[in-house]
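The values are calculated or read from the model by the stated rules, or taken from the named source; none is laboratory data. In this text the structure is predicted, and so the values were computed from the model without any measurement. In this analysis, Cβ positions are derived from the backbone assuming ideal geometry, glycine residues included, and neighbour counts consider all displayed protein chains. SASA here: full protein model, heavy atoms, side chains in, ligands and nucleic acids out. Shrake-Rupley method; radii C 1.70, N 1.55, O 1.52, S 1.80 Å.
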Amino acid sequence: MSESDAGFIGSRSTKHNPRLDEELEHETQGMMKAERATRSEEWREVEPVGEGQPDVDADPAGSLTGGVPVGMTADAVTARAELARWLDRADFPSTGPELVEAARDHRAPDVVADELSRLPEGEVYERIGDVVRALGYPTET
């Protein structure tokens, strides 16, 4: 086996034969380019929601997975999750300006950096819960 053959084999799946690998690659390329299913056999498509059936929703009835903790609102849960999404454990303990800088380093949206810039000066925050309380969001009781 030549060196070029070894490179070619290394780029292929070890679970399928080369023909099936090419079919799978062709199928996914069409979906990626068309941004929709590309199968010609209708029976292979996902069946649509039936008449009179509720639509499938990632967030049914607007509820959060696991619900809202006692003492909090859905908006507060969403705000805390959004802030926590852009801050790592390694970013704590930090002051407000340091958290703004950390969020920007993590490429957080301007809305998140603006919210963090509201933090009172001179305080050190140990965790995201401290940040949320300092911003005036309700927390679980």
Checking segment 80-141 for GluC sites (Glu not before Pro) in a loop per DSSP with at most 15 other beta-carbon atoms within 10 Å yields Glu121, Glu123, Glu126, Glu140
Note, segment 125-141: 3J(HN,Hα) by Karplus (6.51, -1.76, 1.60, θ = phi - 60°), whole Hz, Gly/Pro = x, goes 10, 8, 7, 5, x, 5, 5, 4, 5, 5, 7, x, 7, x, 10, 5, 9
Cα extents of segment 77-126 per principal axis, largest first, Å, are 25, 22, 21
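Looking at segment 69-113, which trypsin sites (Lys or Arg not before Pro) are in a loop (DSSP not H, G, I, E or B) and have at most 14 other Cβ atoms within 10 Å?
Details: sites: Arg80, Arg85, Arg89, Arg104, Arg107; in loops: Arg107.
Counting only loop positions with at most 14 other Cβ atoms within 10 Å, the trypsin sites (Lys or Arg not before Pro) in segment 69-113 are Arg107.
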Once both label points are put 7 Å beyond Cα along the C-beta direction, the Glu23-Val111 separation in nm becomes 4.5 nm
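Hey, can you find the accessible area per residue of segment 91-140 for me, probe 1.4 Å, expressed in square angstrom? Write out the running numbers ahead of the final one.
Working: 2930 Å² over 50 residues.
Ligands and nucleic acids excluded, the figure is 59 Å² per residue.
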